[in-house]
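Participant: Supplied in structure tokens, the structure appears directly below.
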Amino acid sequence: MTLRIALSKGRIFDDTLPLLAAANIHPAESPETSRKLILPSVEGDVEFLIVRASDVATYVQHGGADLGVVGKDVLLEHGGEGLLEPLDLHIARCKLMVCGPPELDLHANVRLRVATKYTQCARAHFASTSRQVEIIKLYGSMELAPLTGLADAIVDVVDTGNTLKANGLVALEHVADSTARLVVNRVSMKTRHSLITPIIERVRAAVASNQPN
Ligand code: ATP
Ligand code: PRP
């Protein structure tokens with residue numbers, strides 16, 4: 001029986017590889033050079049599904065994949081139904097922030113226009129402080145929205161702050177901290193327990209040995 005692990009290309013795939021290696025799981029090909037969307041592993045007992053970062057939770061929720069690696073930001077936005085989240089991998093560390101031009105007053109008595117791909121998180125954040133906002137859905141390059149007048153502010157992930165700085169924007173409010181999580185389909189955890197549990201425990205040990213004491 002082959003286990004399926006959903007991963008996105010780029011930073012999640014690259015940063016997860018050394019952790020999976022600790023569980024003796026090695027992709028046979030790289031998603032950067034292969035056009036295949038199902039990549040076999042060297043060992044043959046696991047295969048990798050290469051999906052968009054925002055689709056990982058959906059694949060695991062519906063059983064298209066048994067396991068996945070996904071940012072907490074995406075999980076918060078998705079809602080996490082049907083998923084177990086047994087492990088924080090402490091990779092892809094970033095913060096979900098409300099950002100905008102430095103002079104923007106987020107508490108002024110006006111209905112702000114907020115552009116984001118994190119529409120649920122943004123709505124919940126402003127609602128929790130009783131502020132009315134208009135949410136504008138975008139799929140990327142959020143920083144453009146305040147520069148072009150499309151929106152007053154954005155909700156996006158921030159790491160170094162370099163992207164904000166390069167576009168004359170600043171982080172104004174914290175929404176959530178994010179790191180990548182190992183997620184497991186609830187049914188797979190029961191039916192494939194003997195295959196999944198050793199993977200979780202070996203990855204857990206690898207994560208622990210990466211952490212500063
Ligand atoms: P999609 O392709 O679905 O739009 P994406 O472009 O956000 O997703 P990535 O950029 O690979 O995909 O980001 C994957 C995850 O890595 C994000 O969900 C977030 O948790 C984290 N992340 C995003 N940007 C950064 C960053 N600059 N530094 C650290 N972690 C980040
Ligand atoms: C993410 C995010 C920001 C940037 C923040 O984009 O959307 O633009 O990282 O990181 P920083 O604070 O270190 O500059 P990413 O690089 O993933 O590109 P993307 O637009 O393809 O998601």
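The values are calculated or read from the model by the stated rules, or taken from the named source; none is laboratory data. Keep in mind the model is a prediction, meaning the values are calculated, not measured. Please note: Cβ atoms are built from the backbone with ideal geometry, for glycine as well, and neighbour counts cover all protein chains shown.
Participant: Exactly one of (1) surrounded by fewer than 20 Cβ atoms within 10 Å (Cβ to Cβ); (2) in a strand (DSSP E or B) is unmet by LEU182. Its number?
Facilitator: It fails just one condition, (1).
Participant: Name every residue in the stretch 85-135 that is under 21 Å from VAL60 (Cβ atoms) and surrounded by 21 or more Cβ atoms within 10 Å (Cβ to Cβ), in order of residue number.
Facilitator: The answer is LEU89, ALA92, LEU96, TYR118.
Participant: Checking the condition in a helix (DSSP H, G or I) and outside the structural domain of HIS62 (by TED's automatic domain parsing), which residue from ALA127, ALA171 passes?
Facilitator: Exactly one of ALA127, ALA171 is in a helix (DSSP H, G or I) and outside the structural domain of HIS62 (by TED's automatic domain parsing), namely ALA127.
Participant: Which strands (runs of 3 or more DSSP E) does the stretch 1-120 wholly contain that include 2 or more residues that are among the charged types (D, E, K, R) and more than 16 Å from ligand 2 (Cβ to nearest atom)?
Facilitator: By residue number, 83-88.
Participant: A further question follows. Give the residues of the stretch 19-38 that are more than 16 Å from ligand 1 (Cβ to nearest atom) and within 16 Å of ILE199 (Cα to Cα), sorted by residue number.
Facilitator: The answer is LEU20, ALA21, ALA22, ALA23, ASN24, ILE25, HIS26, PRO27.
Participant: May I pose another question? What are the pairs with Cβ atoms under 8 angstrom where one residue, in the stretch 46-61, is of a type in the set (Gly, Ala, Ser) and the other, located anywhere, is in a strand (DSSP E or B) and more than 11 Å from ligand 1 (Cβ to nearest atom)? Sequence gap at least six, or different chains.
Facilitator: Pairs that qualify, where the first residue is of a type in the set (Gly, Ala, Ser) and the partner is in a strand (DSSP E or B) and more than 11 Å from ligand 1 (Cβ to nearest atom), are ALA57/GLY68; ALA57/LEU83; ALA57/VAL183.
Participant: Here's a follow-up. Within the stretch 145-168, restricting attention to residues that are out of contact with any Asp or Glu (no Cβ under 8 Å at 6 or more places or on another chain) and part of a strand (DSSP E or B), which residue is farthest from ligand 1 (Cβ to nearest atom)?
Facilitator: ALA153
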